[in-house]
Amino acid sequence: MKKIFILVFIALFALSMETSYAEEKKPVIGVVLMHGKTGQPENFNSIDSAFKKAGFILIKPEMPWSKGRYIDKTYEDALTEVDQAIDKLRKQGANKIVVGGHSMGGNGALAYAAYRGRIDGLIMLAPGHNPNTNMLRAKFAADVAKAKQLIDGGKGNQNILCADYNEGRNFTREMKANVYYSFFNPDGMASMIKSTGLIKTGIPVLYVAGSIDPLTHSLGRDIYDKLPPHDLSLYTIVQANHFETPSAAVTEIISWLQLIAKQ
């Protein structure tokens, strides 16, 4: 009788361990979603409930290019803030990490995949800020050269008044030379074409373009097609302008994340 009791106990213990292990390995998707240039985390409030209902953990950090911070850190330091957001996701139980963003946030997500890696998926929602395009190279050339000269002279922390551009509007901003150079150098970390070339291993990518967003609609395939292929990668177009793209793409985002969870 004692022997039977022991065998039953061992069997039940083994079953509980298997159940515990299965629960531990159950995919929990954590998403870092970055706002666009001069945007803010609240821009994504309309999609919060959809993420929660689907069981995904969402963190919306305020990035160095937000309306309130614009632009207070180098591009590389901005990626460190994404590292910190990912650490928070893991502490909340996420064991699969997806990094995404809208406009400049999409640019940042792509750069994170290129320069940091270690993610399970990439979301680009109407990605913007393309200093490598011919038009913006010309607009930024003089100030990029001025910033580089200051950096080479050991004066990278000196503030300069420099050219910027957003959604068809030209304006000037004051920022540190090394910060400006890191974001506006056409051959730097903000170059999406350069980032695509640095991603050597295929990861699942969701690229969403707005049908009435000329920039991302026309240039999107150029970026997407240069990324390493993956069975779960998807390029899709939603009926939206640049700013409406994230909210218009909620159904596509949730469906795609559910595929990542099953991978």
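Through the Karplus equation 6.51 cos²θ - 1.76 cosθ + 1.60, θ set to phi - 60°, convert the phi angles of segment 188-196 into ³J(HN,Hα) values in whole Hz; use x for Gly and Pro.
x, 5, 7, 6, 5, 5, 5, 4, 4
Stokes-Einstein diffusion coefficient for segment 33-109 at 37 °C in a medium of 0.692 mPa s, Rh from the Kirkwood formula over Cα pairs: what value in µm²/s?
258 µm²/s
Restricting to bridges with both residues inside the chain, how much of the DSSP beta-bridge set is antiparallel, in percent to the nearest 5? Write down the numbers at each step before the final one.
On the way: 8 of 31 bridges.
The answer is about 25 percent antiparallel.
On a full-extension model of 0.36 nm per residue, what is the gain between R173 and D48, subtracting their alpha-carbon distance, rounded to one decimal in nm?
Roughly 41.8 nm would be gained on extension.
Ranked highest first by average number of other Cβ atoms within 10 Å, how do 183-193, 58-68, 79-89 line up?
Per-residue Cβ counts within 10 Å, averaged per peptide and sorted highest first, yield 183-193, 58-68, 79-89.
Rounded to the nearest whole Å³, what is the per residue volume of the convex hull around the Cα atoms of segment 152-253?
Residue-normalised Cα hull volume stands at 127 Å³.
For the chain, which whole-number percentage of the solvent-accessible area (1.4 Å probe, protein heavy atoms only) is attributable to carbon and sulfur atoms?
That share works out to 55 percent.
Could you identify which residue out of G210, G93, G30 has the top mean-square fluctuation in a GNM of the chain using Cα springs shorter than 10 Å?
Of G210, G93, G30, the Gaussian network model singles out G93 as fluctuating most.
Say the cut-off is 29 Å between C-alpha atoms; which of K52/K200; K26/K60; K53/K226; K96/K200; K155/K226; K146/K200 go over it?
Distance filter (> 29 Å) returns K52/K200; K53/K226; K155/K226; K146/K200.
Taking just the alpha-carbon atoms of segment 138-193, what radius of gyration and Dmax come out, in angstrom?
10.9, 34
Skip the ligands, DNA and RNA, and give the accessible area per residue of the chain with a 1.4 Å probe, whole Å².
Solvent-accessible surface per residue comes out at 50 Å².
Using only Cα atoms, figure out Rg for segment 55-205 and give it as a multiple of 2.2 N^0.38 Å.
1.07
Pick out, in residue order, every one of the trypsin sites (Lys or Arg not before Pro) in segment 111-214 that is DSSP loop and has at most 16 other C-beta atoms within 10 Å; say none if there are none.
The qualifying sites are R116, R118, K155, K200.
Sequence gap at least 6, Cα distance under 8 Å: using those rules, report the relative contact order of segment 119-263 to the nearest whole percent.
Dividing the mean separation by the residue count of segment 119-263 yields 25 percent.
Only helices at least 15 Å long along their own axis, judged from Cα atoms, and with Kyte-Doolittle mean hydropathy of -0.5 or greater: name those in the chain from DSSP H.
Details: long enough: 2-25 (35 Å, 0.79); 75-91 (25 Å, -0.91); 104-115 (16 Å, 0.47); 134-152 (26 Å, -0.01); 214-224 (16 Å, -0.35); 250-262 (18 Å, 1.06).
The answer, listed by residue number, is 2-25, 104-115, 134-152, 214-224, 250-262.
Computed from these coordinates, which is log10 I(q)/I(0) by the Debye sum over Cα atoms at q = 0.10, 0.13 Å⁻¹: [x] -0.62, -0.87; [y] -0.44, -0.78; [z] -0.52, -0.81?
[z]
The values are calculated or read from the model by the stated rules, or taken from the named source; none is laboratory data. Since we're looking at a predicted model, the values are computed, not measured. Positions of Cβ are backbone-derived with ideal geometry, glycine not excepted, and every protein chain shown enters the neighbour counts. Just so you know, the surface numbers come from the protein's heavy atoms only, side chains and all, with ligands and any DNA or RNA stripped out. Shrake-Rupley method; radii C 1.70, N 1.55, O 1.52, S 1.80 Å.
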